[in-house]
């Protein structure tokens, strides 16, 4: 009888695996949680739990937690520097359980400017990130991006500079100080955008005036 069970199991295993792979491929993974692990030595890393068949989840996690992504754990900021790879689970687990590991560095705030809508933090080496303080500014940024994309009077390079800048605000991705300054200078070239982007332009102006 045990032999029959084993035969049935191994016959069904490929079907089950195909089903799991199919479910993974159809999952959107809009939100993927990430954990932080600290060793006794003080070294740390971040991990996303996954199963060996979840290739779609792994790809999506790499997109969400790409290089320069800023993470917040217990009020402390960290920046992802690179992908470490796929490892067995830190806290153990079954043979098919894995985790995608990311390495990072702690970020120390050197300068901070805030208004009702946005907060700009500057870290070491000229790295900054712009945090969204309320949903109102999210809708405003989306409207500005649509305006930029549809305006035929804005040249292609300027569109790319401004849209990339706004996308990084929405995603919380860190950027170089010079990148933010270039976007600010580009916005100033287009009069209609100044009225649409007043909440963004005003805080960037305050940031660079200090």
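Just to be sure before I move on: is residue 81 under 23 Å from residue 39 (Cβ atoms) and either over 14 Å from the mean Cα position of the chain (by Cα) or modelled with pLDDT of 95 or more (or both) in the structure I sent?
Details: under 23 Å from residue 39 (Cβ atoms): yes; either over 14 Å from the mean Cα position of the chain (by Cα) or modelled with pLDDT of 95 or more (or both): no.
Spelling it out, it is not the case that residue 81 is under 23 Å from residue 39 (Cβ atoms) and either over 14 Å from the mean Cα position of the chain (by Cα) or modelled with pLDDT of 95 or more (or both).
Give the residue that is nearest to residue 21 (Cα to Cα), with candidates limited to residues of the range 66-88 that are in contact (Cβ under 8 Å) with a residue 40 or more places away in the chain and in a loop (DSSP other than H, G, I, E, B).
66
Restricting attention to the range 128-150, does a residue exist that is within 26 Å of residue 75 (Cβ to Cβ) and without any contact (Cβ under 8 Å) to a residue 12 or more places away in the chain? Walk me through it before giving the result.
Taking the range 128-150 as the starting set, the residues that turn out to be within 26 Å of residue 75 (Cβ to Cβ) are 128-138, 141.
Filter once more, keeping what is without any contact (Cβ under 8 Å) to a residue 12 or more places away in the chain: 135.
The answer is yes; a qualifying residue exists.
From 142, 203, grab the single residue that is farther than 19 Å from residue 68 by Cβ, in contact with a strand residue (DSSP E or B) (Cβ under 7 Å, 6 or more places away or on another chain) and part of a helix (DSSP H, G or I).
Working: 142 fails: in contact with a strand residue (DSSP E or B) (Cβ under 7 Å, 6 or more places away or on another chain).
Result: 203 is the single residue among 142, 203 that is farther than 19 Å from residue 68 by Cβ, in contact with a strand residue (DSSP E or B) (Cβ under 7 Å, 6 or more places away or on another chain) and part of a helix (DSSP H, G or I).
Exactly one of (1) more than 21 Å from residue 122 (Cβ to Cβ); (2) surrounded by 15 or more Cβ atoms within 10 Å (Cβ to Cβ); (3) without any contact (Cβ under 8 Å) to a residue 60 or more places away in the chain is unmet by residue 63. Its number?
With respect to (1) more than 21 Å from residue 122 (Cβ to Cβ); (2) surrounded by 15 or more Cβ atoms within 10 Å (Cβ to Cβ); (3) without any contact (Cβ under 8 Å) to a residue 60 or more places away in the chain, residue 63 is out only on (2).
Got at least one residue in the range 182-200 being surrounded by fewer than 18 Cβ atoms within 10 Å (Cβ to Cβ), farther than 15 Å from residue 145 by Cα and within 23 Å of the chain's Cα centre (by Cα)?
yes
Among the candidates 129, 91, 163, single out the residue that is out of contact with any helix residue (DSSP H, G or I) (no Cβ under 9 Å at 6 or more places or on another chain) and either within 29 Å of residue 31 (Cβ to Cβ) or assigned to a strand (DSSP E or B) (or both). Walk me through how you get there before you give the answer.
Numbers: 129 fails: out of contact with any helix residue (DSSP H, G or I) (no Cβ under 9 Å at 6 or more places or on another chain); 163 fails: out of contact with any helix residue (DSSP H, G or I) (no Cβ under 9 Å at 6 or more places or on another chain).
None of the others qualify; the one that does is 91.
Output the number of the condition that residue 32 fails; it satisfies all remaining conditions of (1) farther than 30 Å from residue 198 by Cα; (2) out of contact with any helix residue (DSSP H, G or I) (no Cβ under 7 Å at 6 or more places or on another chain); (3) without any contact (Cβ under 8 Å) to a residue 60 or more places away in the chain.
Failed condition: (2).
Please find, among 55, 97, 43, the residue that is farther than 22 Å from residue 172 by Cα, surrounded by 14 or more Cβ atoms within 10 Å (Cβ to Cβ), free of Cβ contacts under 8 Å to residues at least 60 places away in the same chain and not assigned by TED's automatic domain parsing to the domain that holds residue 126. Spell out how you get there, then give the answer.
Numbers: 55 fails: surrounded by 14 or more Cβ atoms within 10 Å (Cβ to Cβ); 43 fails: surrounded by 14 or more Cβ atoms within 10 Å (Cβ to Cβ).
Checking each option against the conditions leaves just 97.
The values are calculated or read from the model by the stated rules, or taken from the named source; none is laboratory data. This structure is a prediction, so every number in the text was calculated from the model and none was measured. Backbone-built Cβ (ideal geometry, glycine too); neighbour counts: all protein chains shown.
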